[in-house]
Amino acid sequence: MTYRLHYAPDNASLIIRLALEELGLAYDAVLVERSKDAQRAPAYLAINPNGLIPTLETPQGAVFETGAILLWLSEQHNALAPAPQSRQRGEFLKWLFFISNTVHTEMRMMFYPDKYIGADLADCTKLRRGLQVSLKAHLSKLDALAGEGHSWFNSATVTVLDLYVVTLLRWMALYPASSTKWFSLNETPHLHALATRIELRSSVARAIKAEGLGATPFSKPRYATPPEGSAT
Ligand SMILES: N[C@@H](CCC(=O)N[C@@H](CS)C(=O)NCC(=O)O)C(=O)O
């Protein structure tokens, strides 16, 4: 069975697309029409009861949650991560989980504060300010990590952690459009170098084409102009 990636342009499914492209795997990309709230339609909820994008259909069933899909793919295909028995595995895993359950979650709250605290504008602004402070501190830690010469982050061998981090950097620069001034990639030179290096890969060129991401999707991103679907 060919993998089926349920995606919307420039959504978290982009991270999975990058991994699939990097692994050179065949897959079908199935558009989830965000403009029609298709992620909450019964057919989608049957494969992802949380109604979130992405979901990857596999021969072993549907896998959801970005971090879980990345880990699953890296284990199935023995690539894009230190091997399970290797000395580096624990270090790699703790940072992958930190990205998935802390940084990505904070970004979700930045994008959709109303889902957490209601639609009051003043409240949302306050929440976003708090998140910006926290994200800046996390970015500074990640930048230091990226400069430490690990084999599993910002090295010549690409990992799912690299792909996850550069996509989050992209979103920090773009979303929500009204509140991105806090972010400057120049403040984290190691992450800047990572973003610049990853976007030159041929796997990324294919993702750029599929989702209309522009030539520098991580180091100097612009809003997507996808051939189908919409980011929101
Ligand atoms: N924890 C989830 C978060 C995924 C997520 O936030 N997806 C967004 C798109 S980037 C989504 O589905 N948003 C639609 C919604 O919240 O209704 C994961 O890692 O897969």
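The values are calculated or read from the model by the stated rules, or taken from the named source; none is laboratory data. Here the structure is a predicted model, which means the values were calculated and not measured. Backbone-built Cβ (ideal geometry, glycine too); neighbour counts: all protein chains shown.
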Within the range 63-87, residues assigned to a loop (DSSP other than H, G, I, E, B) and either within 9 Å of the ligand (Cβ to nearest atom) or not polar (S, T, N, Q) (or both) come out as Glu65, Ala79, Leu80, Ala81, Pro82, Ala83, Pro84, Arg87
Filter the range 3-21 for residues that are in contact with a Phe, Trp or Tyr (Cβ under 6 Å, 6 or more places away or on another chain) and more than 15 Å from Leu161 (Cα to Cα); the one that is surrounded by the most Cβ atoms within 10 Å (Cβ to Cβ) is Leu5
Checked the range 92-119 for anything assigned to a helix (DSSP H, G or I), of a type in the set (Phe, Trp, Tyr) and within 12 Å of the ligand (Cβ to nearest atom); matches are Phe97, Phe111, Tyr116
Screening Ala177, Ala173, Ala122 for residues that are within 20 Å of Glu106 (Cα to Cα) and not in a helix (DSSP H, G or I) leaves only Ala177
Considering the range 25-62, residues that are acidic (Asp, Glu) and on the phi < 0 side of the Ramachandran plot, and then whichever is nearest to the ligand (Cβ to nearest atom), we arrive at Glu33
Exercise for the section: Please verify whether the range 205-225 includes one or more residues that are modelled with pLDDT under 95 and either closer than 25 Å to Gly24 by Cα or not in a helix (DSSP H, G or I) (or both). Expected result: no
(1) surrounded by fewer than 19 Cβ atoms within 10 Å (Cβ to Cβ); (2) in a helix (DSSP H, G or I) all hold for Gly51 apart from (2)
When the range 146-161 is checked residue by residue, the ones that are surrounded by fewer than 19 Cβ atoms within 10 Å (Cβ to Cβ) and without any contact (Cβ under 8 Å) to a residue 60 or more places away in the chain are Gly147, Glu148, Gly149, Ser155, Ala156, Thr157
Only one of Thr157, Thr232 is over 23 Å from Phe111 (Cβ atoms) and outside any helix (DSSP H, G or I), namely Thr157
Considering the range 1-24, residues that are near the ligand (Cβ under 9 Å from one of its atoms) and touching a residue at least 60 places away in the same chain (Cβ under 8 Å), and then whichever is farthest from Thr216 (Cα to Cα), we arrive at Ala8
